[in-house]
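Here the structure is laid out as structure tokens; the discussion comes afterwards.
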């Protein structure tokens, strides 16, 4: 009789999780329940209920997590198959607006929202295939002035250096600018340049302004990561911190690398008085090798905007940006050139 209470709650939790994961669908609940692995510690099912609450809580949480991940993966696979049937290619899929969704798609989105209730909503915050597709498309036209002049927005030439050209455009009347950087390197390869930006441990090594760069959460479906980044600001300003989602994609068919980041909110990274949170941030980079990913030579386009919440006059910000942006690109280049040597040192030390 001692195991009766835990067993009833165990079966009830399985049933509730299965029902929640099958909203609007006709899949048999019995099949879903059998797929769940119930993680009772050895001997815990024989303990009295009042002594077994911790085990039950852990088990129920793991059951719900298993069902959520299974259902999210299944739903995203269905959406991917449906979009491919419509003729989209290269694993990049155009985004459908909710007003154009079929009834079945609305059920899918409602189901994902239910699964994410009370936590981080991956269906809203993940970097989608469509975002990567759009990013690649916007930066696949002719480069530099041909690309800028074709846009309706008013871009102005900001920096013109050897193998580096920067344009900018104002964001409303805030005095802030969005920047677009066109660059070319001939002495490093695209793979090293890309990996230098996504290797968090290496970033702490080569970027002197990074105080913290941690992965807070990750999406099991698309691989999108949530990162918390703390960057150093000059005294007497307080350091800034960013919480953002990031996803990269290497497309061998079109010989393109895409890396996209944008600001988000996450319950594990609340704001505090130690740093100033940067609420608006987005960055996208497209890398196109001249030949192959591993041979030297490539072009890249970087689009960037953030609001660091400073009160500097616009002319001061212009001076800082005109100096710091080329310096950062140069530092990134040197880090990419030294990536292999750094990895060899790490292996030898380990």
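Of the numbered criteria (1) within 21 Å of the chain's Cα centre (by Cα); (2) farther than 15 Å from residue 177 by Cβ; (3) buried (at least 19 other Cβ atoms within 10 Å of the Cβ), the one residue 289 fails is (1).
Rundown of residues vs (1) at pLDDT 90 or above; (2) surrounded by 13 or more Cβ atoms within 10 Å (Cβ to Cβ), yes/no style:
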{"residue": "311", "(1), (2)": "no, no"}
{"residue": "318", "(1), (2)": "no, yes"}
{"residue": "329", "(1), (2)": "yes, yes"}
{"residue": "332", "(1), (2)": "yes, yes"}
{"residue": "337", "(1), (2)": "yes, yes"}
{"residue": "342", "(1), (2)": "yes, yes"}
{"residue": "345", "(1), (2)": "yes, no"}
{"residue": "349", "(1), (2)": "no, no"}
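The residue that is farthest from residue 231 (Cα to Cα), among those in region 306-325 that are part of a loop (DSSP other than H, G, I, E, B) and without any contact (Cβ under 8 Å) to a residue 40 or more places away in the chain, is 313. Whether a residue is under 27 Å from the mean Cα position of the chain (by Cα) and part of a helix (DSSP H, G or I) was assessed, and residue 298 does not pass this test. Specify the residue that is farthest from residue 196 (Cα to Cα); the eligible residues are those in region 215-230 that are surrounded by 15 or more Cβ atoms within 10 Å (Cβ to Cβ) and in contact with a helix residue (DSSP H, G or I) (Cβ under 7 Å, 6 or more places away or on another chain). Going through the qualifying residues, I end up with 221. Residues considered: 169, 134. Of these, the only one that is assigned to a helix (DSSP H, G or I), surrounded by 12 or more Cβ atoms within 10 Å (Cβ to Cβ) and modelled with pLDDT of 90 or more is 134. The single residue among 200, 253 that is within 19 Å of residue 291 (Cβ to Cβ) and either out of contact with any helix residue (DSSP H, G or I) (no Cβ under 9 Å at 6 or more places or on another chain) or in contact (Cβ under 8 Å) with a residue 60 or more places away in the chain (or both) turns out to be 253. Of 176, 227, all but one fail to be touching a residue at least 40 places away in the same chain (Cβ under 8 Å) and within 23 Å of residue 275 (Cα to Cα); the exception is 176. The numbered conditions (1) free of Cβ contacts under 8 Å to residues at least 60 places away in the same chain; (2) buried (at least 18 other Cβ atoms within 10 Å of the Cβ); (3) in contact with a helix residue (DSSP H, G or I) (Cβ under 9 Å, 6 or more places away or on another chain) are all true for residue 278 except (3). The single condition from (1) at pLDDT 85 or above; (2) under 30 Å from residue 216 (Cα atoms); (3) touching a strand residue (DSSP E or B) at 6+ places or on another chain (Cβ under 9 Å) that residue 159 fails is (2). When region 137-154 is limited to residues that are buried (at least 18 other Cβ atoms within 10 Å of the Cβ) and touching a strand residue (DSSP E or B) at 6+ places or on another chain (Cβ under 7 Å), the one that is modelled with the highest pLDDT turns out to be 139. Which residues, counting only those in region 231-259, are surrounded by fewer than 17 Cβ atoms within 10 Å (Cβ to Cβ) and under 29 Å from residue 311 (Cβ atoms)? Across region 231-259, the qualifying residues are 232, 233, 234, 235, 236, 237, 238, 239.
Determine which single condition residue 269 fails, assuming it passes every other condition in (1) touching a residue at least 40 places away in the same chain (Cβ under 8 Å); (2) assigned to a strand (DSSP E or B); (3) surrounded by 18 or more Cβ atoms within 10 Å (Cβ to Cβ). With respect to (1) touching a residue at least 40 places away in the same chain (Cβ under 8 Å); (2) assigned to a strand (DSSP E or B); (3) surrounded by 18 or more Cβ atoms within 10 Å (Cβ to Cβ), residue 269 is out only on (2).
Answer yes if at least one residue in region 193-203 is within 21 Å of residue 277 (Cβ to Cβ), at pLDDT 95 or above and either in a strand (DSSP E or B) or in contact with a strand residue (DSSP E or B) (Cβ under 9 Å, 6 or more places away or on another chain) (or both), and no otherwise. Scanning region 193-203, I find at least one residue that is within 21 Å of residue 277 (Cβ to Cβ), at pLDDT 95 or above and either in a strand (DSSP E or B) or in contact with a strand residue (DSSP E or B) (Cβ under 9 Å, 6 or more places away or on another chain) (or both), so the answer is yes. The test for being within 30 Å of residue 343 (Cβ to Cβ), at pLDDT below 95 and buried (at least 19 other Cβ atoms within 10 Å of the Cβ) does not hold for residue 189.
The values are calculated or read from the model by the stated rules, or taken from the named source; none is laboratory data. Remember, predicted model here, so these are calculated numbers, not experimental data. When we count neighbours, we look across all protein chains shown, and the Cβ atoms used for this are built from the backbone with ideal geometry, even at glycine.
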